[in-house]
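Structure first, then comments.
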Amino acid sequence: MNNRFAVILAAGKGTRMKSDLYKVLHPVCGKPMVQHIVDQIKDCNVKKTIAVVGHGAEKVKDQLGKDVEYVLQEEQLGTGHAVMQAEGLLREEEGTTVVLCGDTPLLTKKTIDALLLEHETKGAKATILTAKAEEPTGYGRVIRDKDGAVNKIVEQKDANEEELSVKEINTGTYCFDNKALFLALKNVGNSNAQGEYYLPDVIEILQRDGEAIAAFQTLDFNETIGVNDRVALSTAEVLMKRRINEQLMRDGVTLIDPENTYVSSDAIIGKDTVIYPGCIIKGKTIIGENCEIGPHSEIDNSKIGNNTTVKQSVVHDSEVGNEVSIGPFSHLRPQTKLSNHVRVGNFVELKKMSMGEGSKASHLSYLGDAEVGDNVNVGCGSITVNYDGKNKYLTKIEDGAFIGCNSNLIAPVTVGEGAFIAAGSTITDDVPGQSLAIARQRQTNKQDYFKK
Ligand code: UD1
Ligand code: CA
């Protein structure tokens, strides 16, 4: 096995995005473009992955973390100049360096593997990943001689009429012999339409030196699209969504309306789960088998068990058990933990709290900073009063307690096991187990008041 290294170009500003967010950080199906690429290259047996950062370097580093090494390109003088920055980390290495762009989010490990294999078996000094584009405008064109051998790549802005009519494009992904790459880069100049040091010029340099150049054409242009503006971003979004949704369906998930279902590429969904239209499933969400999700639910970074229903609800950073019923119109905010057989109904908001097996809050409640035991019934309109304007306090409701409708539980407070709170109570003191607490004024009826 050859030594393999990867360089990911991620230093550009992305002027054409017209955005305060750096281009490679724009998300596609919820994940920044550059992260998509890093996730694909991770499993390609590379020894070192180097991201070239510049614009928004700190933000890109925050995103990619320790998965890659970094080199800084202080001034963005072109893709060739960008790769040069990795010389310090790669100069001594023998092997293959694959160069990828941070703005081609749809590229798959499968295609990168195929490119690497082609490069390593053919033994070329450089192998370009190319594709046939119906609409090649904007891409570099692959110029071949009459025998079909690759001569060079010409950028859109430098191309003549004849070159512009070529439909085979440079995808911006290449394999190089590492040593040959850095030698050739020294000879790349910047006398071109953009005044930049172009990485693709390495091809012509190597070719003129009599080195073997190969091109590997992928059949799926869609996989290689480079996202330079928001129009391409939306195309990438549609294609990525389709890819993710098709895979889910092949894995046994029913999507009632795949065009209107948005699932992150990091989500895992079990078989026989049905997703209704308008759902957005984000982050590293895990949903079990045989669940019913939606319509119109947003689930972010949460874990949901089996046979659970989530209707028209929002669930963030929470954990939900099996056979739980959520919604319609519930809101689970971060750090909510629901055990099996819990029911949370209309207009119930939960935050940093847990509910034990079989407990219910079926209507119009706010339960924040709370520990609710098993088989508790929280009546309609009951709330935990967890905040005094400065600090947050804990409410504990022990197993089997019954909280009558419209109760205020003023935290810190504990309602003991099997206790019963009369409807409309404002509970300020702990309630012992098995007792009844009434904390409201008794009703007085003034007889014949209106006759007088
Ligand atoms: C580039 C290729 C073009 C190819 C296309 C594929 C060059 C000169 N052109 O064009 O042949 O068809 O990709 O999508 O390479 N970057 C840096 N530092 C720089 C400049 C760019 O890190 O100084 C990064 C960008 O952040 C981006 C990538 O390199 O991730 C590509 O740069 P971009 O400006 O998008 O190149 P294209 O014009 O798309
Ligand atoms: Ca690009």
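Check Val310, Val314, Val324 and return the single one that is within 25 Å of His363 (Cα to Cα), open to solvent by 10 Å² or more (accessible area, probe 1.4 Å) and modelled with pLDDT of 95 or more. Lay out the reasoning, then the answer.
On the way: Val310 fails: open to solvent by 10 Å² or more (accessible area, probe 1.4 Å); Val324 fails: open to solvent by 10 Å² or more (accessible area, probe 1.4 Å).
The match here is Val314.
Given the conditions (1) more than 13 Å from ligand 1 (Cβ to nearest atom); (2) assigned to a strand (DSSP E or B); (3) under 17 Å from Val7 (Cα atoms); (4) open to solvent by 30 Å² or more (accessible area, probe 1.4 Å), and given that Tyr70 satisfies all but one, which numbered condition is not satisfied?
The failed condition is (1).
Scanning for something touching a residue at least 12 places away in the same chain (Cβ under 8 Å), aliphatic (A, V, I, L, M), in a strand (DSSP E or B) and open to solvent by 50 Å² or more (accessible area, probe 1.4 Å), does segment 421-437 turn up at least one residue? Can you show your working first?
We begin by selecting, within segment 421-437, every residue touching a residue at least 12 places away in the same chain (Cβ under 8 Å); these are 421-437.
From what is left, the residues that are aliphatic (A, V, I, L, M) are 421-423, 427, 431, 436-437.
Those left that are additionally in a strand (DSSP E or B): 421, 427, 431, 436-437.
Now drop any that are not open to solvent by 50 Å² or more (accessible area, probe 1.4 Å), which leaves 436.
Checking segment 421-437: at least one residue is touching a residue at least 12 places away in the same chain (Cβ under 8 Å), aliphatic (A, V, I, L, M), in a strand (DSSP E or B) and open to solvent by 50 Å² or more (accessible area, probe 1.4 Å).
I want to confirm something. Restricting to segment 14-26 and keeping residues that are within 12 Å of ligand 2 (Cβ to nearest atom) and more than 11 Å from Asp103 (Cα to Cα), which single residue is nearest to the chain's Cα centre (by Cα)?
Looking at residues that are within 12 Å of ligand 2 (Cβ to nearest atom) and more than 11 Å from Asp103 (Cα to Cα), I get Met17.
Determine the pairs where a residue that is in the same structural domain as Thr49 (by TED's automatic domain parsing) and within 14 Å of Cys44 (Cα to Cα), located within segment 95-113, has a partner that is among the small types (Gly, Ala, Ser) and more than 9 Å from ligand 1 (Cβ to nearest atom) with Cβ atoms under 7 Å apart, the partner being 6 or more residues away or on another chain.
Listed by first residue and then by second, the contacts come to Val98/Ala6; Leu100/Ala6.
Return the pairs, sorted by first residue and then second, in which the second residue is open to solvent by less than 10 Å² (accessible area, probe 1.4 Å) and not in a strand (DSSP E or B), the first residue lies in segment 311-323 and is without any contact (Cβ under 8 Å) to a residue 60 or more places away in the chain and of a type in the set (A, V, I, L, M, F, W, C), the beta carbons are less than 9 Å apart, and the residues are 6+ apart or on different chains.
As it stands, the answer is Val314/Ser297; Val315/Thr285; Val315/Ser297; Val315/Ser302; Val320/Ser302; Val320/Thr308; Val320/Val342, since those pairs meet every condition given.
Is it the case, given these coordinates, that Asp209 is more than 16 Å from ligand 2 (Cβ to nearest atom) and within 21 Å of Glu134 (Cα to Cα)?
Working: more than 16 Å from ligand 2 (Cβ to nearest atom): yes; within 21 Å of Glu134 (Cα to Cα): no.
Here the answer is no, as Asp209 does not meet what is asked.
Residues that are part of a strand (DSSP E or B), farther than 23 Å from Ile280 by Cβ and either open to solvent by less than 40 Å² (accessible area, probe 1.4 Å) or at pLDDT 95 or above (or both): does segment 218-226 have at least one?
Of all residues in segment 218-226, those part of a strand (DSSP E or B) come to 218.
Going one step further and asking which of them are farther than 23 Å from Ile280 by Cβ, we end up with 218.
From what's left, either open to solvent by less than 40 Å² (accessible area, probe 1.4 Å) or at pLDDT 95 or above (or both): 218.
Yes: one or more hits.
Which residues, counting only those in segment 247-272, are in contact (Cβ under 8 Å) with a residue 40 or more places away in the chain and more than 14 Å from Pro295 (Cβ to Cβ)? Explain how you work it out, then say what you get.
Of the residues in segment 247-272, the ones in contact (Cβ under 8 Å) with a residue 40 or more places away in the chain are 262-266.
Answer for segment 247-272, where residues must be in contact (Cβ under 8 Å) with a residue 40 or more places away in the chain and more than 14 Å from Pro295 (Cβ to Cβ): Val263, Ser264, Ser265, Asp266.
Looking at this structure, is Gly418 of a type outside the set (Phe, Trp, Tyr), within 20 Å of Ser354 (Cα to Cα) and part of a loop (DSSP other than H, G, I, E, B)?
Details: of a type outside the set (Phe, Trp, Tyr): yes; within 20 Å of Ser354 (Cα to Cα): yes; part of a loop (DSSP other than H, G, I, E, B): yes.
Yes.
Looking only at segment 31-45, filter to residues that are of a type outside the set (Lys, Arg) and surrounded by fewer than 20 Cβ atoms within 10 Å (Cβ to Cβ); which one of those is nearest to ligand 2 (Cβ to nearest atom)? Reasoning before the result, please.
We begin by selecting, within segment 31-45, every residue of a type outside the set (Lys, Arg); these are 32-41, 43-45.
With surrounded by fewer than 20 Cβ atoms within 10 Å (Cβ to Cβ) added as a condition, the list becomes 39, 43-45.
Values: Asp39: 19, Asp43: 24, Cys44: 21, Asn45: 26 Å.
Ranking the candidates gives Asp39 first.
Looking at (1) open to solvent by 70 Å² or more (accessible area, probe 1.4 Å); (2) in contact with a strand residue (DSSP E or B) (Cβ under 8 Å, 6 or more places away or on another chain); (3) part of a loop (DSSP other than H, G, I, E, B); (4) touching a residue at least 40 places away in the same chain (Cβ under 8 Å), which is the only condition Leu199 fails?
(1)
Tell me which of these His81 doesn't satisfy, since it passes every other one: (1) of a type outside the set (A, V, I, L, M); (2) more than 16 Å from ligand 2 (Cβ to nearest atom); (3) more than 28 Å from the chain's Cα centre (by Cα).
It is condition (2) that His81 fails.
For the structure I just gave you, tell me whether Val253 is over 20 Å from Lys132 (Cα atoms), within 15 Å of ligand 1 (Cβ to nearest atom) and β-branched (Val, Ile, Thr). Walk me through how you get there before you give the answer.
Values: over 20 Å from Lys132 (Cα atoms): yes; within 15 Å of ligand 1 (Cβ to nearest atom): no; β-branched (Val, Ile, Thr): yes.
Criteria not met by Val253.
Name the one entry in Asn151, Asn187 that is assigned to a strand (DSSP E or B), exposed (fewer than 15 other Cβ atoms within 10 Å of the Cβ) and more than 9 Å from ligand 1 (Cβ to nearest atom).
Just one listed residue meets the conditions, Asn151.
Phe221 fails exactly one of the following numbered conditions: (1) touching a residue at least 40 places away in the same chain (Cβ under 8 Å); (2) within 18 Å of Arg141 (Cβ to Cβ); (3) touching a helix residue (DSSP H, G or I) at 6+ places or on another chain (Cβ under 8 Å). What is the number of that condition?
So Phe221 meets the others, but not (3).
The values are calculated or read from the model by the stated rules, or taken from the named source; none is laboratory data. Owing to the predicted nature of the structure, the values given are computational and were not obtained by experimental measurement. No Cβ is skipped: glycine too gets one built from the backbone with ideal geometry, and neighbour counts run over all protein chains shown. We work out accessible area using only protein heavy atoms, side chains counted, and drop any ligands, DNA or RNA first. Shrake-Rupley method; radii C 1.70, N 1.55, O 1.52, S 1.80 Å.
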